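Computed from the coordinates by the stated procedures, all read-outs in this text should not be read as laboratory data. Keep in mind that what you see is a predicted model, and the values were worked out from it rather than measured. Note that we place each Cβ from the backbone using ideal geometry, even for glycine, and neighbour counts take in every protein chain shown.
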Amino acid sequence: MTSSFGLPVAVITGLIFGVLLWFLSPLKVVVLIVAMVIGLNLLRRPLLGLLLFGVIANFLPYSTINVGVRTTVSELLILVIWACVLFQAVFEGHQRATRSGSTERYVLALIIFSAFPFVVGQVMVNADGSGVANWLRWLANMSLIFLVFRLLRDGASRESMVQAMLFGTLAMLMLSLPIFLAERSAAAINPLLTKLGYAVLDEVIGDTSGAVFLRMGSPWVHPNTLGGAMALILPLAFCYGITRLGWQRALGLAVGGLGVLALLLSGSRGALLSLAVVLVWMAIRRVPFTGRLLLMGCAAMVLLVLSYPPLQERISTMFEFSDASTSVRFDEYASFPRAMASYPLGIGFKVEPPVPGTDLLGISNLWLNFIYKLGLPGMLLFIAATWNWWKETRPSGSRTDLNADNAIWLGSTAGLLAALFSGLFDHYFGFQPVLVGLFWLLVGVNLLEARRLRAEEGMTAHSDSRE
């Protein structure tokens, strides 16, 4: 904040806390003072809030807080960051965000269009649920791409953002893996998560005799969601760790190694297949170290399967058509045309598919889930946004080198491709709270890095032509 605001803020703050000491205990006043200090620092540097989001969203994504309505700490933090950005824009006249491209414009169009199916769903869908709160939470997650363009303008801030995401992921893995390896139960972590602000978890992993119960639990709650998060972050972790030195190298490789273990224990076949396809794509482009990563991943998978019998059963039935979850997915596709006919304008945000009280099923597909929620125009806008992202960031030529300068771009590109490919098997990155926010945050980081690299290539080419 500017110095003109310093003295009034100090005087007002002192008076407020002096009065509060008459009514509250010293401990509560200390907590309020700490919160005030954090808030003032965020007002001065909203970037700190975005970095804090990167840590919390990967560490405890669904830890909740009640502020009139119950929401996750991660999503509340997004709103706080936006408030700080608007405060600076009004009172301090900070620079505007960099000029937007076609991807951001399509994302904005998708956000604006979502108001129509939101209203339709509020009227047409007869079910319990807070459509307004769900819609605002989704808007907050989608808006992260615009915060990236406002706050991560230079390479140093983008580097810090990646480090924050990796630190949060490492904390999540170090919390989850020991508990699961000791208890061999997806629900073993639930009591700890309850103490950390999570809502009731038993209904998520309720079948103690089923296959889900034997898969790894984590702060992402469901093993499939954990798999989606790992598919998004692992390529970035490996590319970052391989090209850095010292503690940064250790951070990236630790997240990569532990993340592979967590991904295998999660048993998420969509995430496993998606990462395998992306690694093959990188190998075709002759990205250094890709072949070694494939061999090391296969070796780790073989060793883990041999040492953990429940995983043997999961692997043996993972791609069988007789598998229960595979059968459910076929039933979902068979039922989907009736769902489209019943709700041609989408069901909005009041509930997640399927609509209660109907004989319809949901759909485990990213793009079809957009139709289910927002109608066909919603899916087309999402496709337009992701296609324009790919046109802008895709590598040129037949070979892609991996070095310290392009590691964030290549790692985020591979992670986003894995996330989109996993959309053929599940819908993590469409409307899943927090996870969709991380997806669009990484899209923003990736676009900034792609534009920087292209600008530097253009300057180099121009300099060579002049010479």
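Using a Förster distance of 30 angstrom, determine the FRET efficiency expected from the C-beta separation of Asp405 and Trp281, and round it to 0.05. Show your work: numbers first, answer last.
Numbers: r = 21 Å, r/R0 = 0.70.
Computed FRET efficiency for Asp405 and Trp281 comes out at 0.90.
Hey, fewest Cβ within 10 Å first, where do Leu77, Leu263, Leu196 land in order?
Details: Leu77 19, Leu263 25, Leu196 16.
Starting with the residue having the fewest Cβ neighbours, the order is Leu196, Leu77, Leu263.
Averaged over residues, the count of other Cβ atoms within 10 Å places the peptides 367-376, 388-397 in the sequence 367-376, 388-397, highest first.
Would you mind calculating the gained length between Ala250 and Ser157 on full extension (0.36 nm times residue separation, minus the Cα-Cα distance), in nm to one decimal?
Details: separation 93, 0.36 × 93 = 33.48 nm, distance 1.99 nm.
Between Ala250 and Ser157, full extension yields 31.5 nm more.
Annotation: extensible slack from Arg184 through Ala115 equals 20.4 nm (criterion: 0.36 nm per residue apart, minus Cα-Cα distance).
Report note on the peptides 432-445, 333-346: ranked by the mean count of other C-beta atoms within 10 Å, highest first, their order is 432-445, 333-346.
Footprinting exposure proxy ranking of Cys84, Cys239, fewest other C-beta atoms within 10 angstrom first, gives Cys84, Cys239. Under the simplified labelling scheme, the Val123-Thr358 pair shows an inter-label distance of 1.7 nm, with each label point 7 Å from Cα along Cα→Cβ.
Quick check on the exposure proxy: order Ser130, Ser160 from fewest to most C-beta atoms within 10 angstrom. Before the final figure, lay out the partial values.
Numbers: Ser130 14, Ser160 17.
The most exposed by this proxy come first: Ser130, Ser160.
When restricted to Cα atoms, segment 102-466 yields an Rg and a Dmax of 20.9, 71 Å, respectively.
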